[in-house]
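Worksheet for the structure shown next.
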Amino acid sequence: MASARRISGPCRAWPADSAFIREVLDRIGDKWTVLTIGTLGAGGPLRYSDLQASIPGISQRMLTQTLKHLERDGLITRTPYAEVPPRVEYELTDLGRSLMDAVTAMVGWAATHHSEIAGNRAASELTGVGRVRSAVSAPTG
């Protein structure tokens with residue numbers, strides 16, 4: 001049996017124990033993280049209700065989880081104010097702002113290519129995943 005080739009890529013530069021790097025990639029690559037960071041990066045601190053209203057489709061549970069994870073990782077700050085009613089604001093840290101170029105690029109790419117991907121998905125429904133699409137129909141007999 002032939003051995004697999006090792007191709008040079010980003011994983012080659014990682015330490016042998018790269019589980020933590022994969023965990024970080026899971027966090028920053030999550031759709032709710034990308035949308036939350038992108039929303040917070042659009043300008044100043046935001047309240048929870050403003051975030052929820054600005055991110056279509058996010059549930060209260062997912063927003064709460066996402067914010068907790070981002071705060072734990074040092075990507076956002078949570079600032080509570082002793083007011084009645086209580087007010088809490090979320091804002092990107094310098095570390096969180098350092099992700100804005102990547103987030104903007106990913107969101108822009110998705111917006112630019114969504115029609116092409118939708119067409120590919122529709123074509124895949126007809127041909128099946130992994131099957132070659134043939135421009136020439138099979139001969140009938």
The number of residues in segment 43-57 that are closer than 23 Å to residue 101 by Cβ and either part of a strand (DSSP E or B) or in contact (Cβ under 8 Å) with a residue 12 or more places away in the chain (or both) is 6
Among (1) without any contact (Cβ under 8 Å) to a residue 24 or more places away in the chain; (2) touching a helix residue (DSSP H, G or I) at 6+ places or on another chain (Cβ under 8 Å); (3) assigned to a helix (DSSP H, G or I), there is one condition residue 6 misses while meeting the rest; what is its number? (3)
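Residues of segment 27-42 being outside any loop (DSSP other than H, G, I, E, B) and in contact with a helix residue (DSSP H, G or I) (Cβ under 9 Å, 6 or more places away or on another chain), which ones? Quick ask: steps written out before the conclusion?
If we filter segment 27-42 for residues that are outside any loop (DSSP other than H, G, I, E, B), which is where we start, we get 27-29, 31-40.
Scanning segment 27-42 gives 27, 28, 29, 32, 33, 34, 35, 36, 37, 38, 39, 40.
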Residue check for residue 79: over 29 Å from residue 11 (Cα atoms), assigned to a helix (DSSP H, G or I) and polar (S, T, N, Q): no
Candidates 52, 65, filtered to the one that is buried (at least 16 other Cβ atoms within 10 Å of the Cβ) and out of contact with any His (no Cβ under 7 Å at 6 or more places or on another chain): 52
Within segment 85-116, the residues that are over 19 Å from residue 44 (Cβ atoms), more than 17 Å from the chain's Cα centre (by Cα) and part of a helix (DSSP H, G or I) are 115, 116
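Looking for whichever is at pLDDT below 95, surrounded by 15 or more Cβ atoms within 10 Å (Cβ to Cβ) and more than 25 Å from residue 81 (Cβ to Cβ) here; the options are 21, 28. Which one fits?
Numbers: 21 fails: surrounded by 15 or more Cβ atoms within 10 Å (Cβ to Cβ).
None of the other options fit; the residue is 28.
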Restricting to segment 97-139, and then to whatever is farther than 30 Å from residue 32 by Cβ, of a type in the set (S, T, N, Q) and loosely packed, with under 10 Cβ neighbours inside 10 Å, can you tell me which residue is modelled with the lowest pLDDT? 137
Subset of segment 62-98, residues of a type in the set (A, V, I, L, M, F, W, C) and touching a residue at least 12 places away in the same chain (Cβ under 8 Å), comes to 62, 63, 67, 70, 75, 76, 88, 92, 95
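The values are calculated or read from the model by the stated rules, or taken from the named source; none is laboratory data. No experiment lies behind these values; they were computed from the predicted model shown. Every residue, glycine as well, gets a Cβ built from its backbone with ideal geometry; the counts of neighbours run over all protein chains shown.
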